[in-house]
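Worksheet for the structure shown next.
The values are calculated or read from the model by the stated rules, or taken from the named source; none is laboratory data. Worth saying up front: this structure is predicted, and the values here are computed from it rather than measured. No Cβ is skipped: glycine too gets one built from the backbone with ideal geometry, and neighbour counts run over all protein chains shown.
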Amino acid sequence: MKGLFIDAGGELAEVFARVRRPDDPPVAVNPAEEVAAEELAGLLRGCGFVLNDHTYMPTEAMRGCTDLRHVVFLGTGARSYMNPEELAELGIEVHTIKGYGDTAVAEHTIALMWAAARGIARMDGGMRAGNWVRVEGMQLTGKTLGLIGFGGIGAEVARIAAGSGMRVLAWNRSPRSAPGVTFVDLDTLLAESHVVSLHLLLNDETRGFLSAERFAKLRKGAILVNTARGAVVDEAAMIAALGDGTLAHAALDVFDIEPLPAGHPLTRIGNVTLSAHSAFWTPEASETLLRRALDIAKRVAAVPA
């Protein structure tokens with residue numbers, strides 16, 4: 001069984017070349033940054049599996065990919081790019097990869113939290129514009145961090161935050177326990193946390209999870225950090241909360257629409273810190289991700305058709 005890395009644009013092709021091994025199945029590399037839906041059937045003709053970094057795979061377009069049996073999505077957010085259940089009906093199994101960048105995302109989460117607490121982006125932007133902008137910051141030692149979702153990334157965030165002297169609360173949809181972390185109900189977490197950090201997978205149950213009703217339960221003046229998925233937050237409700245003081249600041253790496261369009265309301269709000277969906281992006285995480293993708297490809301390629 002042969003495969004295709006369909007969107008190995010930028011540095012990914014170089015990383016892919018570093019982690020390949022002689023016993024891996026044959027994988028062609030398409031160096032494109034983007035692939036249009038109408039190109040999918042032609043590109044994937046004769047391929048039993050595909051590695052996909054960020055290519056949209058609409059179900060209708062995938063009907064023409066009659067040789068394809070496996071999509072190895074490079075990350076956990078496949079649902080943002082395809083419908084796994086509908087693809088399964090076409091005989092295409094979607095594989096995702098967890099845990100490859102837990103430390104990278106956790107470190108970025110902490111970086112956004114500190115940047116938000118100290119107004120780094122606002123001061124930087126002001127000074128670049130020729131103004132001497134000073135911001136009174138929030139001292140985080142002794143403050144409470146609330147983690148909504150507690151998987152591998154949440155556990156890493158908890159480890160780092162606890163080491164910096166923060167009290168860590170967590171809420172998870174299934175029961176969990178961890179040293180130094182107090183698990184509470186969601187309302188308690190929202191009411192007591194100075195910083196709320198989101199670590200939920202996006203699915204039908206979590207879409208719009210942080211709603212206007214839940215924003216109303218927040219401790220007034222809290223900071224929100226989102227390195228999960230933009231759609232787990234009701235964006236309009238978040239913007240309203242930033243305007244009325246419910247939120248002191250939002251530090252965001254993910255958005256409903258990516259790339260974030262020029263002139264988007266979030267780019268015009270002073271108490272927002274933005275990064276370009278890059279929390280996962282370190283050399284260490286990229287190599288781990290692609291090696292795990294190849295391991296999946298090796299496993300599925302070994303199964304008789």
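Worth pointing out:
- Meeting the requirement of 1 or more residues that are among the polar types (S, T, N, Q), the helices (runs of 4 or more DSSP H) wholly within the range 59-155 are 59-62, 102-118.
- Subset tally (residues that are crowded, with 21+ Cβ neighbours inside 10 Å and either touching a helix residue (DSSP H, G or I) at 6+ places or on another chain (Cβ under 6 Å) or assigned to a helix (DSSP H, G or I) (or both)) for the range 185-196: 3
- Residue check for residue 48: farther than 29 Å from residue 151 by Cα and touching a Pro at 6+ places or on another chain (Cβ under 9 Å): yes
- Residues of the range 50-77 satisfying the condition of being over 19 Å from residue 259 (Cα atoms) and modelled with pLDDT under 95: none
- Residue within the range 198-215 that is of a type in the set (S, T, N, Q) and without any contact (Cβ under 8 Å) to a residue 40 or more places away in the chain present: yes
- Residue check for residue 297: in contact with a Pro (Cβ under 6 Å, 6 or more places away or on another chain), under 30 Å from residue 73 (Cα atoms) and modelled with pLDDT of 95 or more: yes
- Of all residues in the range 116-127 being of a type in the set (A, V, I, L, M) and crowded, with 19+ Cβ neighbours inside 10 Å, the one that is farthest from residue 187 (Cα to Cα): 121
- Subset of the range 149-181 (residues that are within 18 Å of residue 218 (Cβ to Cβ) and either surrounded by fewer than 17 Cβ atoms within 10 Å (Cβ to Cβ) or in contact with a Gly (Cβ under 8 Å, 6 or more places away or on another chain) (or both)): 166, 167, 168, 169, 170, 171
- Residues satisfying the stated conditions in the range 127-166, i.e. touching a helix residue (DSSP H, G or I) at 6+ places or on another chain (Cβ under 6 Å) and of a type outside the set (A, V, I, L, M): 137, 144, 146, 152, 156
- Looking only at residues of the range 128-148 that are under 16 Å from residue 171 (Cβ atoms) and touching an Asp or Glu at 6+ places or on another chain (Cβ under 9 Å), we find that the one that is surrounded by the fewest Cβ atoms within 10 Å (Cβ to Cβ) is 144.
- Counting the residues of the range 124-160 that are closer than 24 Å to residue 270 by Cα and more than 26 Å from the chain's Cα centre (by Cα) gives 13.
- Any chance residue 126 is of a type in the set (Gly, Ala, Ser) and touching a residue at least 40 places away in the same chain (Cβ under 8 Å): no
- Residue identified as surrounded by fewer than 20 Cβ atoms within 10 Å (Cβ to Cβ), at pLDDT 95 or above, more than 14 Å from the chain's Cα centre (by Cα) and among the hydrophobic types (A, V, I, L, M, F, W, C) among 240, 222, 250, 276: 240
- Listed conditions (1) in contact (Cβ under 8 Å) with a residue 60 or more places away in the chain; (2) not in a loop (DSSP other than H, G, I, E, B) are all met by residue 40, apart from (1).
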